Amino acid sequence: MTAGVPAAGSSLVAQSRERSRRRGIDPERADPPVDLQGAELTEHLAGHRMAAALPVVEKILVSGVVSSGHLVAVADADGRLLWLYGDHGVRRRAERMAFVPGALWSDDAVGANAPGLALRHDVPIRVRGEEHFLAPAHSWSCSAAPVHDPQTGRVIGGIDVTGNDIAASAELLALVTATALLAEAELRSMPTGGARRLEVLGTLRPTLGGHGPLTGRHAEILVLLAAHPRGLSGGALAELLAAGRLDEVSIRAEVSRLRRVLGPDAVLSRPYRLVPGAVETDAARVAELLHTDVDAAVAAYPGPLLPASDSPGVADLREELDARVRAAALAAGSPRALRTWVAGPGREDPEAWRALGSLPGLSPAATSSARSVYRVLDNRLGA
């Protein structure tokens, strides 16, 4: 990490303010762009390497500064806030200037601020009060430091403390910088052999690459942890697995057995969460493809997620993914996507058959066949 630590009021802040004026950023605005929310933000978090830094951030920073009225933020390399820790009242105050997960606090987007400048210039930095370009941020001070990929040296994100004047003190900047260095050490210790593939779609026999078949319960736990990258407490995991029928002692025992399969360090505790890059599910791959290639997403979706599972948390994920794939297939207007859908999970989906039969460019035989199946299914459902 770069050794230099620019002080508040440095030339970097002045340069940033001049850039912001030239770009026409309104200093009175209170709505930095929030470009990721909901499912899209969850997916972004699930695959981000900065998740590996969270145990260090929580141990060093969160436990030490949140109780004194500060916020701790973890951002990606673009300056987008990913995770935010802080007391409810402080977070509510920060929401007024859109300092929330999913919001873009890059130097280009909102002008001078510590995480934005730390990422832009690859240096630890602190920004006090009115040095912020945005007026709504003038009552806050902050210190931030970048985090690098140990293999490539590239910046992959940053760590920030925001709060009162103490947040921009030399002592707190040193603590944030030390936390970033420890986070890089944590990343360096992560396995580099690639994620193990978990197959859970359209099968009654979930399998894990390098291991083989998994128990249904272990597959359910992995699917739920993959869907909640920030982690789940034992109680929350128990409720998602079997509402009211499991206790935290049972969860602890199941996770212990699961670690014998994955390795002792693949599942972290307090809360339970997967080490980033340890496991990749075929369900997550389909969800990712839906954003870029609908044909490929539908082709990669052989059927519902863990169809035999009665876990309420898994059932919700199953229904959501199935609905997303179906909606994408119908909306794409692609003969390939529709044919793949009706040949597999949507074989009894009358609306899909009707959409296929209405597509221009199909052969007369294919059109007639699709319309015939639609009439049969429609009559059956109407009977």
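Return yes or no: is residue 115 at pLDDT 95 or above, assigned to a helix (DSSP H, G or I) and closer than 25 Å to residue 181 by Cβ? Quick ask: steps written out before the conclusion?
Numbers: at pLDDT 95 or above: yes; assigned to a helix (DSSP H, G or I): yes; closer than 25 Å to residue 181 by Cβ: yes.
Yes, satisfied.
Within region 23-38, is there a residue that is at pLDDT 85 or above, of a type in the set (A, V, I, L, M), buried (at least 22 other Cβ atoms within 10 Å of the Cβ) and farther than 17 Å from residue 149 by Cα?
Within region 23-38 (the criterion being at pLDDT 85 or above, of a type in the set (A, V, I, L, M), buried (at least 22 other Cβ atoms within 10 Å of the Cβ) and farther than 17 Å from residue 149 by Cα), the answer is no, since none of the residues qualifies.
Which condition from (1) of a type in the set (Lys, Arg); (2) part of a helix (DSSP H, G or I); (3) under 30 Å from residue 118 (Cα atoms) is the one that residue 230 breaks?
(2)
Restricting to region 238-286, name every residue that is in a strand (DSSP E or B), out of contact with any Pro (no Cβ under 7 Å at 6 or more places or on another chain) and not hydrophobic (A, V, I, L, M, F, W, C). Don't jump to the end; show me each part of the working.
Residues of region 238-286 that are in a strand (DSSP E or B), as a first pass: 267-268, 272-274, 279-281.
Going one step further and asking which of them are out of contact with any Pro (no Cβ under 7 Å at 6 or more places or on another chain), we end up with 267, 272, 274, 279-281.
Scanning region 238-286 gives 272, 280, 281.
Looking only at residues that are in contact with an Asp or Glu (Cβ under 8 Å, 6 or more places away or on another chain) and β-branched (Val, Ile, Thr) in region 150-178, which one is surrounded by the most Cβ atoms within 10 Å (Cβ to Cβ)?
176
Would you say residue 205 is part of a loop (DSSP other than H, G, I, E, B) and either of a type in the set (Lys, Arg) or in contact with an Asp or Glu (Cβ under 7 Å, 6 or more places away or on another chain) (or both)? First the steps, then the outcome.
Working: part of a loop (DSSP other than H, G, I, E, B): yes; either of a type in the set (Lys, Arg) or in contact with an Asp or Glu (Cβ under 7 Å, 6 or more places away or on another chain) (or both): yes.
So residue 205 fits the description; yes.
When you go through 300, 329, 337, 296 one by one, which is the residue that is among the hydrophobic types (A, V, I, L, M, F, W, C), under 31 Å from the mean Cα position of the chain (by Cα) and closer than 24 Å to residue 221 by Cα? So that I can check it myself, show each step before the final result.
Details: 329 fails: closer than 24 Å to residue 221 by Cα; 337 fails: closer than 24 Å to residue 221 by Cα; 296 fails: closer than 24 Å to residue 221 by Cα.
Going through 300, 329, 337, 296 in turn, just one is among the hydrophobic types (A, V, I, L, M, F, W, C), under 31 Å from the mean Cα position of the chain (by Cα) and closer than 24 Å to residue 221 by Cα: 300.
Only helices (runs of 4 or more DSSP H) wholly contained in region 302-383 count here; list those with 1 or more residues that are outside the structural domain of residue 224 (by TED's automatic domain parsing) and of a type outside the set (Ser, Thr, Tyr).
Details: elements: 312-332, 335-343, 350-357, 364-382.
The helices (runs of 4 or more DSSP H) meeting that bar are 335-343, 350-357, 364-382.
Taking the conditions exactly as written (under 21 Å from residue 273 (Cα atoms) and assigned by TED's automatic domain parsing to the domain that holds residue 151), does residue 180 satisfy them or not? Lay out the reasoning, then the answer.
Numbers: under 21 Å from residue 273 (Cα atoms): yes; assigned by TED's automatic domain parsing to the domain that holds residue 151: yes.
Spelling it out, residue 180 is indeed under 21 Å from residue 273 (Cα atoms) and assigned by TED's automatic domain parsing to the domain that holds residue 151.
Go through 197, 154 for me and flag whichever is assigned by TED's automatic domain parsing to the domain that holds residue 59, modelled with pLDDT under 95 and basic (Lys, Arg). Please lay out each step first, then the result.
Details: 197 fails: assigned by TED's automatic domain parsing to the domain that holds residue 59.
The unique qualifying residue is 154.
Would you check if residue 99 is closer than 25 Å to residue 41 by Cα and of a type in the set (Phe, Trp, Tyr)? Steps first, please.
Working: closer than 25 Å to residue 41 by Cα: yes; of a type in the set (Phe, Trp, Tyr): yes.
It is true that residue 99 is closer than 25 Å to residue 41 by Cα and of a type in the set (Phe, Trp, Tyr).
I need a count of the residues in region 60-85 that are within 19 Å of residue 172 (Cβ to Cβ) and either touching a His at 6+ places or on another chain (Cβ under 7 Å) or assigned to a helix (DSSP H, G or I) (or both).
Let us first name the residues in region 60-85 that are within 19 Å of residue 172 (Cβ to Cβ), namely 60-75, 81, 83-85.
Checking the rest, the ones that are also either touching a His at 6+ places or on another chain (Cβ under 7 Å) or assigned to a helix (DSSP H, G or I) (or both) come to 60-68.
Here the count works out to 9.
Can you spot a residue in region 124-131 that is out of contact with any strand residue (DSSP E or B) (no Cβ under 8 Å at 6 or more places or on another chain), under 20 Å from residue 96 (Cβ atoms) and in contact (Cβ under 8 Å) with a residue 12 or more places away in the chain? Let's see the steps before the verdict.
Residues of region 124-131 that are out of contact with any strand residue (DSSP E or B) (no Cβ under 8 Å at 6 or more places or on another chain), as a first pass: 130-131.
So of that shortlist, the ones also under 20 Å from residue 96 (Cβ atoms) come out as 130-131.
Narrowing further to those that are in contact (Cβ under 8 Å) with a residue 12 or more places away in the chain: 131.
Yes, region 124-131 contains at least one residue that is out of contact with any strand residue (DSSP E or B) (no Cβ under 8 Å at 6 or more places or on another chain), under 20 Å from residue 96 (Cβ atoms) and in contact (Cβ under 8 Å) with a residue 12 or more places away in the chain.
Inside region 124-151, can you point out the residues that are under 27 Å from residue 188 (Cα atoms), assigned to a loop (DSSP other than H, G, I, E, B) and either within 24 Å of the chain's Cα centre (by Cα) or at pLDDT below 95 (or both)?
Within region 124-151, 149, 150, 151 meet the criteria.
The values are calculated or read from the model by the stated rules, or taken from the named source; none is laboratory data. Quick caveat, the model's predicted, so the values are computed rather than measured. Cβ: placed from backbone, ideal geometry, glycine included. Neighbour counts: every protein chain shown.
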